Each structure stands twice: as C-alpha cells, then as structure tokens.
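Asks: Here it is: the structure, laid out below.
The values are calculated or read from the model by the stated rules, or taken from the named source; none is laboratory data. Bear in mind the structure is a predicted one, so any value in this text is a computation, not a measurement. Note: ideal-geometry Cβ built from the backbone for every residue, glycine included; neighbour counts use all protein chains shown.
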Amino acid sequence: MKSITPSRLLLMKEKGERIASLTAYDYTMAQMCEAAGIPLILVGDTLGMVVRGEESTLAVTLDDVIYHSRMVKRGAPQALVIADLPFMTYQVSHEDAMRNAGRLMQDTGIGGIKIEGGVEIAGTVKRLVQIGIPVCGHLGYTPQSTHTLGGPRVQGRSFEAAVKLIEDAKALEDAGAFAIVLELVPNEIADAVTQQLRIPTIGIGAGPDCDGEVQVFHDLFGLFSDFQPRHSRRYLSVASDVVSAAEQFKADVASKIFPGKAQSATLDDPELRSRLAEYLDQRKEPPVVAG
Ligand code: KIV
C-alpha cells in the first residue's frame, strides 16, 4: 500500500472524507495508530508535557523531536508522519527554518513539518515549500506562545481576532501550506476558516466542522493523569488499568503466583537432574577440618 501524502489529504477534503489524526512519540504508539488506519500522525512538541512532565512545549529541542520522529516513522510506514519544529528553530530567520526543517526531514524520513503562526510566518512557509518541505500551519491557541497568550485559552473571540484568524489562514494557504491545525477556536470561526480554504483544517478544541480532528494520544486514551483538556474525550483509561494491573503483579510476585510453570524453563533430562542433585548433596557435606 502507498504511503499517505499531503495531496491525499487534500483529496480527502475534496471528497468530504474527514481526517482523524493522533500524536505519537515512539515506535509502539505509532504502530497502534498505523494499525487503526490513522492517516496523519503528529510528533507533537506536546512531548514536553506528556512524555517529560514539563509545564509547556518550550524546552523541547530539535534533537528531541528528531529522536522521537525516527521512532514514530519506523512504526508507521504508511501514515503521513509530520513533526513540530520546536520553539526558536524557525522564528529567527528563514535560513534557520530551512536548515532545521531540512535536518528534521533528512534525519528521520518523515513527510512534513508543522509550525505555529499566521501572516508573520507565511514567508517562512513559502521558503520551506519552495525547497520541498511540506508544511502544516497551526493557528488559534499556539502553545509555543503560551506566555503571551496567557495559557491555553480560546482564541478569535472578537470580530477583529476572528478576521485576523481568517486572514492568517489564507496567508498560510497562499504560502503553500498543505493543512492547518486550528486549536481552541470557536466553532463558528473554525467553520468559516474551513469554508474559505481549499486545504484541510484539522481541529483540536475547534468544534465539529473542521475537515479533521487531531488529539493528543495520552489525552484520548487516558495515559496521562495530570489533567484532562475539555476538548478531549477519554476512549480508554489506560493509566488506571495499568496501575491496577501493576498492583496485581506486585501481589502475585509477593505470593509466588508469578512467575508460574508456564513462564519458566525446566530441565527435561532426568540423568542431568540426578547428577545435579548429587553434586548439590556433596556440597552440603561439612568441610574436613585439618589436624
Ligand atoms: O504538539 C502537539 O501535540 C500539537 C497538537 C496539540 C495539535 O500541536
């Protein structure tokens, strides 16, 4: 089967096929997404929070994203795997952006990158696309600007902010972005942006009218107990199931129920067993004391 490409996502929008996307941070998570037929996997810089327990995405480096992207790509050969360009790897200059995005693609084999921002970043998007790097935009609440935005809050609530969001989205599309993530945006604005664009919008906390939906793996499957974002739904409670199972394991080890026969190897040869028993008996005899 052929791998998913950015143009396949465009086709999905044209056909009205909705795009389900998940984050993944390692080989096994990517394998599970792939087995479920998830077409778009994001190696998000949310790894700072859900994998490393940090407060924000800001400390994640390019080397970190490369490390995780390699594992994810290995686990998901069919899906379109994209990764976040971390904070400060693309904001200073086009040259930085091209060098860092190029390295991320070259060292990992992934199919594209994601960067945050609108009109102000459109020139960078254009240069990246020109050198052959597929770019996904990210508007609304942009976690790399959490300090200026005052934390994860719904964006685009005023008329001016809504118009800016639509113009930012158009600027990204014109610059060649293949999709745009809309995070924490009122439903009506996300719908308006989606209708204005030829490229797909992928919502997260942006209502049901985007062309697709992305969710953080840990939020959706309950791997993370620090907090539960309002825009997520728990499809599983993996963390509490694992805690219960680990308690059972601990009790089984204490009472010698585990490991049992099925998990152990035995000596089948009776002659070998009796030789060993003889040897162990001899070792039990008290040592001869000289004199
Ligand atoms: O880093 C991330 O996981 C993201 C998603 C929240 C879209 O950007």
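Asks: With the condition being within 12 Å of the ligand (Cβ to nearest atom) and touching a Lys or Arg at 6+ places or on another chain (Cβ under 8 Å), I'd like the strands (runs of 3 or more DSSP E) fully within the stretch 1-95 carrying at least 2 qualifying residues.
Replies: Numbers: elements: 19-23, 40-43, 80-84.
Result: 80-84.
Asks: Now a separate question. Take Leu165 and decide whether it is at pLDDT 95 or above, surrounded by 20 or more Cβ atoms within 10 Å (Cβ to Cβ) and under 22 Å from Arg8 (Cα atoms).
Replies: Numbers: at pLDDT 95 or above: yes; surrounded by 20 or more Cβ atoms within 10 Å (Cβ to Cβ): yes; under 22 Å from Arg8 (Cα atoms): no.
No; evaluated as a whole, the condition is false for this residue.
Asks: Please go through the stretch 181-218 and give me each residue that is hydrophobic (A, V, I, L, M, F, W, C) and within 11 Å of the ligand (Cβ to nearest atom), ordered by number. First the steps, then the outcome.
Replies: First, the residues of the stretch 181-218 that are hydrophobic (A, V, I, L, M, F, W, C): 181-182, 184-185, 189-190, 192-193, 197, 199, 202, 204, 206, 210, 214, 216-217.
Residues satisfying the conditions are Val181, Leu182, Leu184, Ile202, Ile204, Ala206, Val214, Val216, Phe217.
Asks: Next question, about the same structure. Report, by residue number, each residue of the stretch 146-202 that is within 23 Å of Ala83 (Cβ to Cβ) and of a type in the set (D, E, K, R).
Replies: Of everything in the stretch 146-202, those that are within 23 Å of Ala83 (Cβ to Cβ) and of a type in the set (D, E, K, R) turn out to be Asp168, Glu173, Glu183.
Asks: Identify all residues within the stretch 28-54 that are surrounded by 20 or more Cβ atoms within 10 Å (Cβ to Cβ) and among the polar types (S, T, N, Q); write none if there are none.
Replies: Once the filter is applied, which keeps residues that are surrounded by 20 or more Cβ atoms within 10 Å (Cβ to Cβ) and among the polar types (S, T, N, Q), the stretch 28-54 yields only Thr46.
Asks: Here's a follow-up. Identify, please: which residue in the stretch 102-124 is aliphatic (A, V, I, L, M) and more than 16 Å from the ligand (Cβ to nearest atom) and is, among those, surrounded by the most Cβ atoms within 10 Å (Cβ to Cβ)?
Replies: Filtering the stretch 102-124 down to residues aliphatic (A, V, I, L, M) leaves 104-105, 110, 113, 115, 119, 121-122.
Subsequent filtering for residues that are more than 16 Å from the ligand (Cβ to nearest atom) retains 105, 119, 122.
Numbers: Met105: 22, Val119: 14, Ala122: 20.
Going through the qualifying residues, I end up with Met105.
Asks: Cβ-Cβ distance below 9 Å, separation of 6 or more or different chains: which pairs start in the stretch 30-53 with a residue that is at positive phi and end on one that is within 14 Å of the ligand (Cβ to nearest atom)?
Replies: Cβ pairs passing all conditions: Gly37/Ala20.
Asks: Continuing with this model, one more query. Can you work out which of the residues in the stretch 236-291 that are of a type in the set (D, E, K, R) and not in a helix (DSSP H, G or I) is nearest to Asp226 (Cα to Cα)?
Replies: Lys256
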